[in-house]
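The values are calculated or read from the model by the stated rules, or taken from the named source; none is laboratory data. Since this is a predicted model, take the numbers as computed values, not measurements. Here the Cβ positions follow ideal geometry from the backbone for every residue, glycine too, while neighbour counts run over all protein chains shown.
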Amino acid sequence: MVLNIFFRNSYYCYFNLILKEIIHGGYLTALGAPALVLTTSIITKSDINLPLLVISYLIPLIIYSYDYMSDLDKDVETNSDRYEHLHKKKKYYPLIMIFYIILLIALLIIFSNYKLVLFIILITLGGFLYATVFKGLTKKIPIFKNIYTVLTWSLGGTLFVPLQFSLTLSLPFIIVFLFINMKGMINAIFFDLKDSLNDSKEGLKTLPVILGKKNAIKLLHFLNLVSFIPLIIAVILKIIPMITISLILFFFYSFYYLNKAEKYIDEDIWVKLGSIADFEFIFWPVVLMISLQIFNLHYAI
């Protein structure tokens, strides 16, 4: 009986440690990048392969890992659970980063072309430059952090496919870019809501600092509505496939967590809302693939 309890507790500890590593190590958040690449591939009816998805996953994982460790001291106040977990593995961090980078380089050499490699070098360098050099510009330029980070995500999510397969940057890619950019802006500003007090102390000109939390949320509701207009018009004009309409589900998805944030602006629910906001991008290709199967089944019948 005692042994059973011991082993049960041991399994629970290991499971809890793995879960914390997945959450706080950036592994879940980094899934957003391959999800955007896959979404672009589905909407534009372009080719995709597993190595490209893994490459798109490793890049944000490297950047997030670096960013989390760089801002570790700030997490003491804003995210104590993440601080405690990452602080324990701080001594292993250089080895982890070396492994990520070696794996990324190997995949690029074997599976990629020079256009994509050059693009990846630029956006990865941009990510490190923001964490080390450009971050201070948010004190001078309003919402600079949001524009910079979202533009990086949008370009990565949209251009990986055409660069890898040497495709023309056609109108469907531009429409997908606009959609990703607007929805990404909602996500980025949403996370600034939680950190608005610290950002204000540091003199960072984020939208919640400038407008206040409630007005910032109202603006995000408006942006959530506007973000779907390019998709709807493009579907009507038959520029992108009909299944893209299924993404309108995420208007209600974003509306839910924005509405909750407005009601519980100072509550612990922020931790759950943050996870919900990040998971949205991961669900995009899932919904599109389900819609595609339903669409194909309907016409097969």
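Counted as qualifying within the range 60-159 are the helices (runs of 4 or more DSSP H) with 3 or more residues that are at pLDDT 80 or above and surrounded by fewer than 18 Cβ atoms within 10 Å (Cβ to Cβ), namely 93-111, 114-132. Given the structure, is Pro34 surrounded by 14 or more Cβ atoms within 10 Å (Cβ to Cβ) and either at pLDDT 70 or above or over 30 Å from Ile240 (Cβ atoms) (or both)? Criteria met by Pro34.
State yes or no: is Ile282 surrounded by 15 or more Cβ atoms within 10 Å (Cβ to Cβ), of a type in the set (A, V, I, L, M) and at pLDDT below 90? No, not satisfied. The set of residues from the range 37-51 being closer than 22 Å to Thr244 by Cα, out of contact with any Asp or Glu (no Cβ under 9 Å at 6 or more places or on another chain) and in a helix (DSSP H, G or I) comprises Val37, Leu38, Thr39, Thr40, Ile42, Ile43.
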